[in-house]
Structures are given as structure tokens and as C-alpha cells.
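To start, the structure itself, in C-alpha cells.
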Amino acid sequence: MSISQLTALTQQITANVETVIVGKREAVELSVATLLSGGHILIEDIPGVGKTMLARALAASVGGSFKRIQFTPDLLPADITGVSIYNQDMARFDFQPGPIFANVVLADEINRATPKSQSALLEAMEEFQVTADGRSRPLPSPFFVIATENPIEYEGTFTLPEAQLDRFMTRVSIGYPSHEDEVDVLSQQMLVHPIERVRPVIGPEDVVNLRRAVREIHVDESLKHYAVTLVGETRVHPDVELGASPRGSIALVRLGQAVAAISDRDYIVPDDIKRVAVPALAHRVVVKPDRRIQGVTSADVVEQILDAVSVPIGEGVS
């Protein structure tokens, strides 16, 4: 697949999602980049700004099976992965797959479920399989989790475990729309919600091919060192209690490749990595409690590191 074909397909997906999500190009492109990178995305924001609509629009743009899981405090792990039911005719237990067995899974309000239920996603998101009744069952390919969550300050929410957060390649926010964009939203929904008109623009096989093509985007050796240095600095920063894992380095490079493809380039540049650094690293960084009280956020820490680390300049780096 040529870079022009790759870029054209990514633009089709982006345009399709933007028929529903108005004026949020950065959030939409980061979501598409996560899809192309083979990762999972966590959309965090206040209620009512379009988190679920962004997830549904992205899922509707990708053909294949789609399942939605509404996370609630009484949700059980078996409600996600599936359960074995006794078959009286065959005198045996048959496994009934849960909603996790789909190409695109929307985990809506994921932090309203208990940590025990949230942990049911760990194996699926990392190993693309589910183990039940002592047997590992592969998930469909491609497999993509889109999760939404409300800020932890809101009533009825649970903190996502660090191991769960680390399995999301990116965490993005949408934010309030501008005055003009909100008027456009009102106009769009006068007769019918635009999500009802969204149709797939690519299929599951296309996603697999796109991901393979993105992996071939050139990454200069100096940019690999740059990504690893950024992640390493999160582990020694004085305000940080827990730094980013090696998954953070992998996320930076793979997202950088996807952003380069969206920008119609077959190579990444430092600005690609800088653009995705906060969405890829902030949710992996735990700030010390005393610094949190003083208002320091993990995003602030990543921004400080970006300002402090020198950008590589040399052959193969533009």
C-alpha cells in the first residue's frame, strides 16, 4: 500500500467521524492514529461532550462486529468474557462468548465498574485472547477497545488500576465545543442524530492492512532514542512517583508512525512524537501525592520533559 493510499483511507475515516464530532479534529485524528497503531483508546471527559458519540462514530466507520458493554457497579467479569452453560441435550458445558468477542468493543463508562470487573479486560487488551474454564480463546482480528470514562472526581466512579491504564495506548479528552460548533451540533440534530447516518468506510481486513502499512513508516534511529529518553525522564522526574513503562516508548513510536501517515509522509519527524507525547504518556505517569495537592498533573510533567529534552537533529531527521 502506497503512502498516498494510506493517507487517503485515514482521511476518509477522519471525515466520516467528523460528520458526528464537530470541531474536534485533534481528538478525532488521535483516535484514528490509535486505531492504525494497533492500540486501544481511553476517552476521558465530563458527561455530555460526546465521548460515547466519538467512540460509536469511530466504531461505525470500521466494518466488522461491534459490541457495547455498559459498565456498572454490579457488572461481573463473566458478563464481559462469557460463561459456560450446561447443555442438557449434549450433557456438557458449552461456552457462550461474552461481548468482548468482537472487532470493536465500546467499554462505556469503564470506571463505573469495580476493579475486579475492569481487570477482565487485561488479558484481552494485551494478549488478544480470553482464558475461561482453563482454555484460551483467541479474539477476532482486528481487536480494538474504545473506552470512555468520567473524571474520578465524579460520583460513582472507581480509579482505574495502573495495569489497566497502561494497556491503553492513548488517553484523549474532547472538551466543550466552541459557540459556533455547538450551534452546528444543534442544527445537525434537529431531525435525526448524525450517528444514524454513519456507514463503514473500511472493513476489518482493511484495518489489518492499514496497520501493516503504518508499521513500515520509516523511523530514524535517533528518534527511537528520543522516544526512549522521553519515557526515561518520566521515571526520574522529581514530581513523579511512578514513571511510564516500556509500553510508553512503543506507543510513542507507533503513534508517531500513524501521525506521519495521516500527514502524508512515509517517515516520522520529532514533531510527530511531541504531538502524541501527552496522550501517550500522561496516563502512565503517577504524580506524587503532595505535588498533586499543589495542582501538578501528569500532563504538566510530560510537557516539562518535552521542553527539557533536546530534539534530535541530523541525517534522516527533518
message = What's the magnitude of the charge dipole for region 1-154 around its Cα centre, counting Lys and Arg as +1 and Asp and Glu as -1 at the beta-carbon? Answer in Debye, nearest 20.
response = 300 debye
task = Could you check which residue among Ile43, Ile305, Ile293 shows the biggest mean-square fluctuation in a GNM of the chain with a 10 Å Cα cutoff?
result = Ile293
message = Along the charge dipole of region 1-188, pointing to its positive end and built from +1/-1 on Cβ of Lys, Arg, Asp and Glu, which listed residue (Ser178, Gly38, Ile110) has its Cα farthest out?
response = Gly38
query = In sequence order, what are the phi-derived ³J(HN,Hα) couplings for region 290-307 according to the Karplus relation 6.51 cos²θ - 1.76 cosθ + 1.60 with θ = phi - 60°, rounded to whole Hz, with x for glycine and proline?
reply = 5, 6, 4, 4, 7, x, 6, 10, 5, 5, 4, 4, 5, 4, 4, 5, 4, 6
remark   = With a ≥ b ≥ c from the Cα gyration tensor eigenvalues, square-rooted, and the rule rounded for a/c under 1.5, otherwise prolate when a/b > b/c and oblate otherwise, region 1-139 is prolate
note = In whole angstrom, the spacing between the Cα centers of region 69-88 and region 188-254 equals 30 Å
query = What does the charge dipole of region 71-228 about its Cα centre add up to, to the nearest 20 debye, if the Cβ of each Lys and Arg holds +1 and the Cβ of each Asp and Glu holds -1?
reply = 560 debye
ask   = What is the magnitude of the charge dipole of the chain about its Cα centre, with +1 placed on the Cβ of each Lys and Arg, -1 on the Cβ of each Asp and Glu, and no other charges, expressed in debye to the nearest 20?
value = 660 debye
key: Mean separation of Cα contacts under 8 Å (6+ apart) over length of region 148-262, as relative contact order %   = 24 percent
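Convex hull volume of the Cα atoms in region 196-298, per residue, in Å³?
Dividing the Cα hull volume of region 196-298 by its residues yields 142 Å³.
Express the relative contact order of region 1-188 as a whole percentage, based on alpha carbon pairs under 8 Å and six or more residues apart in sequence.
It comes to 29 percent, rounded to a whole number.
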query = Going 7 Å from the Cα of Ala15 toward and past its Cβ, which residues in region 192-206 have a backbone nitrogen under 16 Å from where you end up?
reply = 198-202
request  = With springs connecting C-alpha atoms under 10 Å apart, model the chain as a Gaussian network and identify which of Gly256, Gly48, Gly98 has the largest mean-square fluctuation.
outcome  = Gly48
remark   = With x for Gly and Pro, the residue-by-residue ³J(HN,Hα) of region 16-33, computed from phi through the Karplus equation 6.51 cos²θ - 1.76 cosθ + 1.60 at θ = phi - 60° and given in whole Hz, is 5, 5, 6, 6, 10, 9, 9, x, 10, 4, 4, 5, 5, 5, 5, 5, 5, 4
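Output the peptides 76-87, 200-211 sorted from most to least packed, where packing is the average of other Cβ atoms within 10 Å over each peptide's residues.
Top of the packing list down: 200-211, 76-87.
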message = Given contacts defined as C-alpha pairs under 8 Å and at least six residues apart, what's the relative contact order of the chain, whole-number percent?
response = 22 percent
request  = Decide, for the chain, between rounded, prolate and oblate: order the square roots of the alpha carbon gyration tensor eigenvalues as a ≥ b ≥ c, take rounded if a/c falls under 1.5, and otherwise choose prolate if a/b is larger than b/c, else oblate.
outcome  = rounded
note = Descending packing, highest mean Cβ count within 10 Å first, for 32-38, 134-140, 119-125 is 32-38, 119-125, 134-140
query = Among His237, Ala27, Gln11, which residue has its Cα positioned farthest towards the positive end of the charge dipole of the chain, with +1 placed on the Cβ of Lys and Arg, -1 on the Cβ of Asp and Glu, and the dipole taken about the Cα centre?
reply = Gln11
query = Share of antiparallel DSSP beta bridges in the chain, in percent to the nearest 5?
reply = 40 percent
task = Putting +1 on Lys and Arg Cβ atoms and -1 on Asp and Glu Cβ atoms, find which of Gln294, Val278, Ala260 reaches farthest to the positive end of the dipole of region 252-318.
result = Gln294
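Pull out a ≥ b ≥ c, the square roots of the eigenvalues of the alpha-carbon gyration tensor of region 1-77, then state rounded if a/c is under 1.5, prolate if not and a/b is larger than b/c, and oblate in the remaining case. Each step should come with its number before you reach the end.
Numbers: a/c = 2.29, a/b = 1.61, b/c = 1.42.
Prolate.
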note = Calc'd 3J(HN,Hα), region 158-174, phi into Karplus 6.51 cos²θ - 1.76 cosθ + 1.60 (θ = phi - 60°), Hz, glycine/Pro = x, comes to 10, 6, 6, x, 4, 5, 6, 4, 5, 7, 8, 5, 9, 10, 10, 10, 9
note = If amide H atoms are modeled at 1.01 Å from N in the peptide plane, then the residues at a separation of 5 or more from Asp220, or on another chain, having amide H under 5 Å from its own are Ile268
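Values quoted throughout were computed directly from the atomic coordinates according to the rules given, and no laboratory measurement underlies them. Values in this document were obtained by computation on a predicted structure and should not be read as measured data. Glycine gets a Cβ as well: all are built from the backbone with ideal geometry, and neighbour counts include every protein chain shown.
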